[in-house]
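Working notes for the structure below.
The values are calculated or read from the model by the stated rules, or taken from the named source; none is laboratory data. Computed from a predicted structure; not experimentally measured. Methodologically, a virtual Cβ is constructed for each residue, glycine included, from the backbone with ideal geometry; neighbour enumeration extends over all protein chains shown. For the accessible areas, the whole protein counts, side chains as well, though only heavy atoms, and no ligand, DNA or RNA atoms are used. Shrake-Rupley method; radii C 1.70, N 1.55, O 1.52, S 1.80 Å.
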Amino acid sequence: MQHIAFIGLGNMGAPMAHNLLRAGHALSVFDLSAAAVEGLRAAGARAATSVADAVAQAGVVITMLPADRHVRELYLGADGVLAHAPAGALLIDCSTISAEVAREVAGAAAARGLAMLDAPVSGGTAGAAAGTLTFIVGGDAQALERARALLDHMGKNVFHAGAAGAGQVAKICNNMLLGILMAGTAEALNLGVAHGLDPKVLSDIMAKSSGRNWALELYNPWPGVMEAAPASRGYSGGFGSALMLKDLGLAQQAALSAQAATPLGGLARQLYQLHQQGGHGDLDFSSILKLFRPRAGGDR
Ligand code: NAD
(Lines give C-alpha, C1' and ligand atoms only; values in the text may rest on other atoms or scores of the structure.)
Protein backbone atom coordinates (compact mmCIF):
# COMPACT_ATOMS: atom_id res chain seq x y z
CA MET A 1 0.00 0.00 0.00
CA GLN A 2 1.33 3.44 -0.96
CA HIS A 3 0.54 6.79 0.61
CA ILE A 4 -0.86 8.92 -2.18
CA ALA A 5 -1.49 12.66 -2.44
CA PHE A 6 -4.38 13.33 -4.85
CA ILE A 7 -4.88 16.95 -5.94
CA GLY A 8 -7.75 18.11 -8.19
CA LEU A 9 -11.01 16.40 -7.26
CA GLY A 10 -13.31 17.53 -10.09
CA ASN A 11 -15.48 15.52 -12.50
CA MET A 12 -12.57 13.20 -13.27
CA GLY A 13 -10.30 13.41 -10.23
CA ALA A 14 -12.97 12.63 -7.62
CA PRO A 15 -14.05 9.26 -9.09
CA MET A 16 -10.41 8.33 -9.77
CA ALA A 17 -9.54 9.05 -6.12
CA HIS A 18 -12.56 7.03 -4.96
CA ASN A 19 -11.26 4.03 -6.93
CA LEU A 20 -7.86 4.29 -5.24
CA LEU A 21 -9.57 4.39 -1.81
CA ARG A 22 -11.64 1.32 -2.73
CA ALA A 23 -8.43 -0.47 -3.68
CA GLY A 24 -7.18 0.11 -0.11
CA HIS A 25 -4.73 2.99 -0.61
CA ALA A 26 -4.22 5.74 1.97
CA LEU A 27 -5.00 9.11 0.39
CA SER A 28 -4.38 12.73 1.36
CA VAL A 29 -6.58 14.87 -0.85
CA PHE A 30 -6.62 18.56 -1.72
CA ASP A 31 -8.74 20.81 -3.94
CA LEU A 32 -9.62 24.51 -3.94
CA SER A 33 -13.24 23.40 -3.53
CA ALA A 34 -14.01 22.48 0.09
CA ALA A 35 -17.07 20.51 -1.05
CA ALA A 36 -14.90 18.35 -3.34
CA VAL A 37 -12.49 17.61 -0.46
CA GLU A 38 -15.39 16.79 1.86
CA GLY A 39 -16.75 14.21 -0.61
CA LEU A 40 -13.47 12.27 -0.42
CA ARG A 41 -13.01 12.79 3.34
CA ALA A 42 -16.42 11.20 3.90
CA ALA A 43 -15.21 8.17 1.91
CA GLY A 44 -12.10 7.73 4.10
CA ALA A 45 -9.41 10.04 2.67
CA ARG A 46 -7.44 12.47 4.83
CA ALA A 47 -8.45 16.07 4.04
CA ALA A 48 -5.27 18.08 3.55
CA THR A 49 -5.27 21.80 4.30
CA SER A 50 -2.74 22.80 1.61
CA VAL A 51 -0.61 21.40 -1.20
CA ALA A 52 2.33 21.16 1.22
CA ASP A 53 0.21 19.24 3.73
CA ALA A 54 -1.12 16.90 1.01
CA VAL A 55 2.29 15.90 -0.36
CA ALA A 56 4.35 15.91 2.86
CA GLN A 57 4.20 12.11 3.43
CA ALA A 58 3.43 11.02 -0.12
CA GLY A 59 5.20 8.27 -2.03
CA VAL A 60 3.14 9.19 -5.07
CA VAL A 61 1.51 12.51 -6.05
CA ILE A 62 -1.35 12.41 -8.57
CA THR A 63 -2.85 15.59 -10.04
CA MET A 64 -5.97 16.09 -12.19
CA LEU A 65 -6.34 19.78 -13.04
CA PRO A 66 -8.05 21.78 -15.80
CA ALA A 67 -5.27 23.32 -17.91
CA ASP A 68 -1.63 24.50 -18.35
CA ARG A 69 -1.73 27.40 -15.92
CA HIS A 70 -3.15 25.32 -13.07
CA VAL A 71 -0.49 22.64 -13.54
CA ARG A 72 2.40 25.16 -13.76
CA GLU A 73 1.22 26.97 -10.66
CA LEU A 74 0.56 23.85 -8.64
CA TYR A 75 3.93 22.24 -9.41
CA LEU A 76 6.26 25.22 -9.84
CA GLY A 77 4.69 27.76 -7.45
CA ALA A 78 6.65 28.82 -4.36
CA ASP A 79 4.40 26.67 -2.17
CA GLY A 80 3.81 24.03 -4.80
CA VAL A 81 4.38 20.31 -5.24
CA LEU A 82 8.08 20.52 -6.19
CA ALA A 83 8.82 22.67 -3.17
CA HIS A 84 7.33 20.15 -0.76
CA ALA A 85 7.33 16.62 -2.27
CA PRO A 86 9.57 14.23 -0.32
CA ALA A 87 12.72 12.82 -1.96
CA GLY A 88 11.88 9.73 -4.02
CA ALA A 89 8.22 10.65 -4.58
CA LEU A 90 6.79 9.76 -7.99
CA LEU A 91 4.74 12.54 -9.65
CA ILE A 92 1.90 11.69 -12.05
CA ASP A 93 -0.04 14.46 -13.80
CA CYS A 94 -3.23 13.16 -15.43
CA SER A 95 -4.48 16.57 -16.66
CA THR A 96 -4.74 17.24 -20.40
CA ILE A 97 -2.26 20.06 -21.03
CA SER A 98 0.30 21.14 -23.64
CA ALA A 99 3.34 18.95 -24.24
CA GLU A 100 5.51 22.07 -23.65
CA VAL A 101 4.28 22.60 -20.10
CA ALA A 102 4.40 18.85 -19.41
CA ARG A 103 8.08 18.84 -20.44
CA GLU A 104 8.82 22.03 -18.50
CA VAL A 105 7.37 20.65 -15.28
CA ALA A 106 8.97 17.21 -15.76
CA GLY A 107 12.31 18.96 -16.32
CA ALA A 108 11.94 20.96 -13.11
CA ALA A 109 11.01 17.76 -11.25
CA ALA A 110 14.08 15.98 -12.67
CA ALA A 111 16.25 18.88 -11.49
CA ARG A 112 14.98 18.07 -7.98
CA GLY A 113 15.67 14.36 -8.54
CA LEU A 114 11.97 13.48 -8.81
CA ALA A 115 10.53 11.22 -11.52
CA MET A 116 7.45 12.54 -13.28
CA LEU A 117 4.99 11.12 -15.79
CA ASP A 118 2.43 12.92 -17.96
CA ALA A 119 -0.51 10.51 -17.96
CA PRO A 120 -3.58 12.12 -19.56
CA VAL A 121 -6.64 9.89 -19.81
CA SER A 122 -9.31 8.91 -22.25
CA GLY A 123 -12.67 7.43 -21.29
CA GLY A 124 -14.56 10.36 -19.79
CA THR A 125 -16.38 10.61 -16.49
CA ALA A 126 -18.07 7.23 -17.00
CA GLY A 127 -14.67 5.58 -17.47
CA ALA A 128 -13.31 7.39 -14.41
CA ALA A 129 -16.21 6.12 -12.28
CA ALA A 130 -16.00 2.56 -13.64
CA GLY A 131 -12.20 2.41 -13.35
CA THR A 132 -11.86 1.72 -17.07
CA LEU A 133 -9.84 4.75 -18.19
CA THR A 134 -7.09 4.56 -20.80
CA PHE A 135 -3.85 6.16 -19.57
CA ILE A 136 -1.59 7.62 -22.29
CA VAL A 137 1.78 8.00 -20.63
CA GLY A 138 4.89 10.03 -21.39
CA GLY A 139 8.09 9.73 -19.38
CA ASP A 140 10.67 7.26 -18.21
CA ALA A 141 9.78 3.54 -18.63
CA GLN A 142 11.01 2.70 -15.10
CA ALA A 143 8.81 5.41 -13.59
CA LEU A 144 5.88 3.97 -15.53
CA GLU A 145 6.55 0.53 -14.03
CA ARG A 146 6.41 2.11 -10.54
CA ALA A 147 3.06 3.72 -11.45
CA ARG A 148 1.48 0.77 -13.24
CA ALA A 149 -0.23 -0.93 -10.27
CA LEU A 150 -1.86 2.37 -9.26
CA LEU A 151 -2.96 3.18 -12.81
CA ASP A 152 -4.49 -0.31 -13.03
CA HIS A 153 -6.78 0.60 -10.12
CA MET A 154 -8.16 3.55 -12.12
CA GLY A 155 -8.07 2.24 -15.68
CA LYS A 156 -7.90 -0.81 -17.88
CA ASN A 157 -5.44 0.27 -20.58
CA VAL A 158 -2.01 1.82 -20.05
CA PHE A 159 0.04 2.91 -23.09
CA HIS A 160 3.60 4.22 -23.06
CA ALA A 161 3.68 6.88 -25.81
CA GLY A 162 7.35 7.85 -25.33
CA ALA A 163 9.45 10.39 -23.41
CA ALA A 164 8.12 13.29 -21.27
CA GLY A 165 5.32 15.14 -23.10
CA ALA A 166 4.63 12.26 -25.51
CA GLY A 167 1.50 11.25 -23.56
CA GLN A 168 0.10 14.74 -24.10
CA VAL A 169 0.93 14.70 -27.82
CA ALA A 170 -0.84 11.35 -28.30
CA LYS A 171 -3.85 12.50 -26.27
CA ILE A 172 -4.16 15.70 -28.31
CA CYS A 173 -3.95 13.76 -31.60
CA ASN A 174 -6.79 11.55 -30.35
CA ASN A 175 -8.97 14.44 -29.20
CA MET A 176 -8.41 16.45 -32.37
CA LEU A 177 -9.64 13.44 -34.35
CA LEU A 178 -12.58 13.05 -31.95
CA GLY A 179 -13.61 16.71 -32.40
CA ILE A 180 -13.43 16.33 -36.20
CA LEU A 181 -15.43 13.08 -36.09
CA MET A 182 -18.12 14.51 -33.82
CA ALA A 183 -18.59 17.62 -35.98
CA GLY A 184 -18.65 15.48 -39.14
CA THR A 185 -21.13 13.04 -37.65
CA ALA A 186 -23.46 15.88 -36.60
CA GLU A 187 -23.19 17.43 -40.07
CA ALA A 188 -24.03 14.15 -41.84
CA LEU A 189 -26.98 13.35 -39.55
CA ASN A 190 -28.35 16.85 -40.01
CA LEU A 191 -28.13 16.54 -43.80
CA GLY A 192 -30.07 13.26 -43.76
CA VAL A 193 -32.74 14.56 -41.39
CA ALA A 194 -33.13 17.73 -43.48
CA HIS A 195 -34.15 15.34 -46.28
CA GLY A 196 -36.71 13.64 -44.08
CA LEU A 197 -34.67 10.64 -42.92
CA ASP A 198 -35.12 9.20 -39.45
CA PRO A 199 -31.89 9.92 -37.47
CA LYS A 200 -31.96 6.44 -35.87
CA VAL A 201 -32.36 4.68 -39.23
CA LEU A 202 -29.63 6.85 -40.79
CA SER A 203 -27.34 6.12 -37.82
CA ASP A 204 -27.93 2.37 -38.18
CA ILE A 205 -27.11 2.57 -41.91
CA MET A 206 -23.90 4.58 -41.46
CA ALA A 207 -22.81 2.42 -38.50
CA LYS A 208 -22.77 -0.57 -40.84
CA SER A 209 -21.23 1.40 -43.72
CA SER A 210 -17.90 3.10 -44.33
CA GLY A 211 -18.85 6.24 -42.35
CA ARG A 212 -18.89 4.29 -39.09
CA ASN A 213 -17.02 5.90 -36.21
CA TRP A 214 -16.97 6.11 -32.39
CA ALA A 215 -19.12 9.28 -32.18
CA LEU A 216 -21.81 7.72 -34.35
CA GLU A 217 -21.83 4.29 -32.73
CA LEU A 218 -21.23 4.98 -29.05
CA TYR A 219 -21.90 8.69 -28.45
CA ASN A 220 -24.54 9.62 -30.99
CA PRO A 221 -25.13 13.43 -31.01
CA TRP A 222 -28.80 13.20 -32.07
CA PRO A 223 -31.22 13.32 -29.09
CA GLY A 224 -33.12 10.06 -28.62
CA VAL A 225 -31.01 7.88 -30.91
CA MET A 226 -28.98 6.44 -28.06
CA GLU A 227 -30.56 6.38 -24.60
CA ALA A 228 -27.27 6.43 -22.64
CA ALA A 229 -25.64 9.25 -24.65
CA PRO A 230 -25.50 12.85 -23.28
CA ALA A 231 -27.61 13.96 -26.30
CA SER A 232 -30.57 12.10 -24.78
CA ARG A 233 -30.30 13.96 -21.47
CA GLY A 234 -30.07 17.53 -22.74
CA TYR A 235 -26.30 17.21 -23.33
CA SER A 236 -25.62 17.22 -19.58
CA GLY A 237 -22.63 15.46 -18.02
CA GLY A 238 -20.03 13.90 -20.31
CA PHE A 239 -17.15 15.90 -21.81
CA GLY A 240 -17.78 19.64 -21.89
CA SER A 241 -17.61 21.60 -25.16
CA ALA A 242 -15.28 24.10 -23.45
CA LEU A 243 -12.81 21.29 -22.67
CA MET A 244 -12.99 20.07 -26.28
CA LEU A 245 -12.29 23.64 -27.42
CA LYS A 246 -9.28 23.71 -25.09
CA ASP A 247 -7.97 20.44 -26.54
CA LEU A 248 -8.46 21.60 -30.14
CA GLY A 249 -6.48 24.74 -29.22
CA LEU A 250 -3.70 22.56 -27.80
CA ALA A 251 -3.69 20.58 -31.06
CA GLN A 252 -3.22 23.80 -33.08
CA GLN A 253 -0.42 24.89 -30.74
CA ALA A 254 1.27 21.49 -31.20
CA ALA A 255 0.77 21.72 -34.97
CA LEU A 256 2.43 25.15 -35.12
CA SER A 257 5.42 24.08 -33.06
CA ALA A 258 6.07 21.08 -35.36
CA GLN A 259 4.93 22.84 -38.56
CA ALA A 260 2.43 20.02 -39.18
CA ALA A 261 -0.64 20.69 -41.33
CA THR A 262 -3.92 20.29 -39.39
CA PRO A 263 -6.56 22.13 -41.47
CA LEU A 264 -9.44 19.89 -40.34
CA GLY A 265 -8.39 20.28 -36.69
CA GLY A 266 -8.31 24.05 -37.25
CA LEU A 267 -11.81 24.02 -38.70
CA ALA A 268 -13.13 21.87 -35.85
CA ARG A 269 -11.63 24.39 -33.44
CA GLN A 270 -13.47 27.24 -35.16
CA LEU A 271 -16.75 25.31 -34.95
CA TYR A 272 -16.31 24.71 -31.22
CA GLN A 273 -15.31 28.38 -30.77
CA LEU A 274 -18.58 29.46 -32.43
CA HIS A 275 -20.46 26.95 -30.31
CA GLN A 276 -18.91 28.38 -27.15
CA GLN A 277 -19.78 31.92 -28.26
CA GLY A 278 -23.35 30.67 -28.64
CA GLY A 279 -23.33 29.97 -24.90
CA HIS A 280 -22.94 26.18 -25.08
CA GLY A 281 -19.53 25.74 -23.48
CA ASP A 282 -20.97 23.85 -20.51
CA LEU A 283 -22.88 21.34 -22.62
CA ASP A 284 -21.40 18.01 -23.65
CA PHE A 285 -19.30 18.27 -26.82
CA SER A 286 -21.83 16.28 -28.87
CA SER A 287 -24.08 19.36 -28.61
CA ILE A 288 -22.08 20.73 -31.58
CA LEU A 289 -25.15 19.40 -33.45
CA LYS A 290 -26.92 22.62 -32.38
CA LEU A 291 -24.56 24.58 -34.63
CA PHE A 292 -25.94 22.73 -37.67
CA ARG A 293 -29.63 23.05 -36.82
CA PRO A 294 -29.96 26.27 -34.79
CA ARG A 295 -33.68 26.76 -35.48
CA ALA A 296 -34.64 23.43 -33.98
CA GLY A 297 -31.95 23.90 -31.31
CA GLY A 298 -30.83 20.31 -31.84
CA ASP A 299 -33.52 19.18 -29.41
CA ARG A 300 -35.73 17.12 -31.62
P1 NAD B 1 -12.92 19.89 -13.37
O2 NAD B 1 -12.91 21.32 -13.69
O3 NAD B 1 -14.19 19.17 -13.07
O4 NAD B 1 -11.93 19.60 -12.13
C5 NAD B 1 -10.72 20.27 -11.90
C6 NAD B 1 -10.52 20.40 -10.40
O7 NAD B 1 -9.23 20.98 -10.14
C8 NAD B 1 -11.57 21.31 -9.73
O9 NAD B 1 -12.18 20.62 -8.65
C10 NAD B 1 -10.72 22.50 -9.24
O11 NAD B 1 -11.22 23.07 -8.03
C12 NAD B 1 -9.38 21.85 -9.03
N13 NAD B 1 -8.26 22.80 -9.00
C14 NAD B 1 -7.95 23.75 -9.91
N15 NAD B 1 -6.83 24.40 -9.52
C16 NAD B 1 -6.43 23.84 -8.35
C17 NAD B 1 -5.36 24.08 -7.46
N18 NAD B 1 -4.44 25.04 -7.69
N19 NAD B 1 -5.26 23.33 -6.35
C20 NAD B 1 -6.18 22.36 -6.09
N21 NAD B 1 -7.21 22.08 -6.90
C22 NAD B 1 -7.34 22.82 -8.03
O23 NAD B 1 -12.18 19.17 -14.62
P24 NAD B 1 -12.29 17.63 -15.05
O25 NAD B 1 -13.44 17.42 -15.95
O26 NAD B 1 -12.10 16.77 -13.84
O27 NAD B 1 -10.99 17.55 -16.01
C28 NAD B 1 -9.68 17.53 -15.46
C29 NAD B 1 -8.70 17.29 -16.62
O30 NAD B 1 -9.01 16.04 -17.25
C31 NAD B 1 -8.77 18.36 -17.72
O32 NAD B 1 -7.47 18.63 -18.15
C33 NAD B 1 -9.60 17.70 -18.81
O34 NAD B 1 -9.29 18.20 -20.10
C35 NAD B 1 -9.20 16.25 -18.65
N36 NAD B 1 -10.21 15.28 -19.12
C37 NAD B 1 -11.53 15.45 -18.81
C38 NAD B 1 -12.46 14.51 -19.26
C39 NAD B 1 -13.93 14.67 -18.96
O40 NAD B 1 -14.75 13.92 -19.55
N41 NAD B 1 -14.33 15.56 -18.06
C42 NAD B 1 -12.03 13.40 -20.00
C43 NAD B 1 -10.66 13.22 -20.25
C44 NAD B 1 -9.76 14.18 -19.80
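Quick notes
- Approximating the spin labels as points 7 Å out from Cα along Cα→Cβ, the A261-to-L218 distance works out to 3.1 nm.
- The HN-Hα couplings worked out from phi for region 126-132 by the Karplus form 6.51 cos²θ - 1.76 cosθ + 1.60 (θ = phi - 60°) are 5, x, 5, 5, 7, x, 10 Hz, whole numbers, x standing for Gly and Pro.
- Note on the chain: Cα Rg divided by 2.2 N^0.38 Å, N the number of residues, gives 1.04.
- Candidate lysines - alpha carbon under 17 Å from K156, same-chain residues fewer than 8 apart omitted: K171
- Per-residue ellipticity at 222 nm, computed for the chain from helices alone with -39500 (n - 2.57) per DSSP H run of at least four residues, works out to -14500 deg cm²/dmol.
- In Hz, Karplus ³J(HN,Hα) per residue of region 209-226 (6.51, -1.76, 1.60; θ = phi - 60°; x = Gly, Pro): 10, 6, x, 4, 7, 4, 4, 5, 8, 10, 8, 4, x, 8, x, x, 6, 9
- Take the Cβ atoms of N157 and E100, set R0 to 30 Å, and the FRET efficiency comes out at 0.70.
- Formal net charge of residues neighbouring A164 (Cβ-Cβ distance under 10 Å; K, R +1; D, E -1): -2
- Rolling a 1.4 angstrom probe over region 169-292 with all protein chains present gives an accessible area of which 61% lies on carbon and sulfur atoms.
- The chain, accessible area per residue, ligands and nucleic acids excluded (1.4 Å, Å²): 44 Å²
- Neighbours of A99 by Cβ distance under 11 Å: Lys/Arg scored +1, Asp/Glu scored -1, total -2.
- Region 3-163 - percent of accessible surface contributed by carbon and sulfur, probe 1.4 Å: 55 percent
- Stretchable slack from A42 to A207, in nm (0.36 nm times residue separation minus alpha-carbon distance): 55.0 nm
- R233 accessible area, assembled protein chains, probe 1.4 Å, Å²: 110 Å²
- With DNA, RNA and ligands ignored, accessible area of H3 (1.4 Å probe; Å², nearest 10): 60 Å²
- Straight-distance candidates among the lysines for linking to K200, with alpha-carbon spacing under 17 Å and chain neighbours fewer than 8 residues away dropped: K208.
- Net +/- balance of residues flanking L133 in space, Cβ distance below 15 Å, scoring K and R +1, D and E -1: +1
- P(r) of region 3-163 over all Cα-Cα pairs, binned every 10 Å from zero, in whole percent: 12, 46, 38, 5
- Each residue of region 227-232 was assigned a 3J(HN,Hα) from its phi angle through the Karplus expression (A = 6.51, B = -1.76, C = 1.60, θ = phi - 60°), giving 3, 7, 7, x, 4, 8 Hz with x at Gly and Pro.
- Gained length - L76 relative to L191, 0.36 nm times residue gap less alpha-carbon distance: 36.5 nm
- Solvent-accessible area of F159 with every protein chain in place, 1.4 Å probe, in Å² to the nearest 10: 120 Å²
- Expressed in Å, the radius of gyration and Dmax of the Cα atoms of region 169-292 are 14.3, 45.
- Using 0.36 nm per residue and subtracting the Cα-Cα separation, the extra length available between A149 and A111 on full extension is 11.1 nm.
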